[in-house]
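Shown next, in structure tokens, is the structure this report addresses.
The values are calculated or read from the model by the stated rules, or taken from the named source; none is laboratory data. The model shown is predicted, which means the values in this text are computed figures rather than measured ones. Quick reminder, even Gly has a Cβ in these numbers, built from the backbone with ideal geometry, and neighbours come from all protein chains shown.
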Amino acid sequence: MLTLLGKALAALPPDMAHTIAEQVGRDYGKAMATGLTGHDAAVGHRSLRSAIQAVADALTAHGFAAHTDDKHDKLRIVTSHCPFGDVAIEHPVICAVERGMVKGMLGAIYGDTDPETIDSIPAGDTLCITTV
């Protein structure tokens, strides 16, 4: 299934592929957040640090091996394993799905944020790092 998704996204213009992949991730992240909060009323009732920890825990439960840290006044989600595996290496646009998941979960349990992927394994880095 992931290989098919990677190939389908690769057939699209890059900007469109990233937009679609991130939106799919965002929608999935919002659905995942329901499991973290139980309902939408909990939005904004967590600190950013607490919300990021909840997102890292949820990503780990989905195979990402994620933890949090802070560096240079930025909170970070650091991922040492990617469940997308070789598909992400062959089709790095898949990384936009994970970024969307983070945006979707944070948006649902904390509020609007602008997560940014600064390192990624498909780009040759040893870890995937998303800053918030």
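Some points to look at:
- When the stretch 72-102 is filtered for residues that are within 13 Å of Ala58 (Cβ to Cβ) and touching a residue at least 24 places away in the same chain (Cβ under 8 Å), the ones remaining, listed by number, are Ile77, Thr79, Glu98, Met101, Val102.
- Among the criteria (1) within 23 Å of Gly124 (Cα to Cα); (2) out of contact with any His (no Cβ under 7 Å at 6 or more places or on another chain), the one Leu9 does not fulfil is (2).
- In the stretch 62-87, the residue that is modelled with the highest pLDDT out of those that are of a type in the set (A, V, I, L, M) and more than 13 Å from the chain's Cα centre (by Cα) is Leu75.
- Qualifying residue in the stretch 35-57 (condition: in a loop (DSSP other than H, G, I, E, B), of a type in the set (Gly, Ala, Ser) and out of contact with any Gly (no Cβ under 8 Å at 6 or more places or on another chain)): yes
Residues checked against (1) among the aliphatic types (A, V, I, L, M); (2) part of a loop (DSSP other than H, G, I, E, B); (3) surrounded by 15 or more Cβ atoms within 10 Å (Cβ to Cβ):
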| residue | (1), (2), (3) |
| --- | --- |
| Leu59 | yes, no, yes |
| Phe64 | no, yes, yes |
| Asp70 | no, no, no |
| Val93 | yes, no, yes |
| Val97 | yes, no, yes |
| Thr117 | no, no, yes |
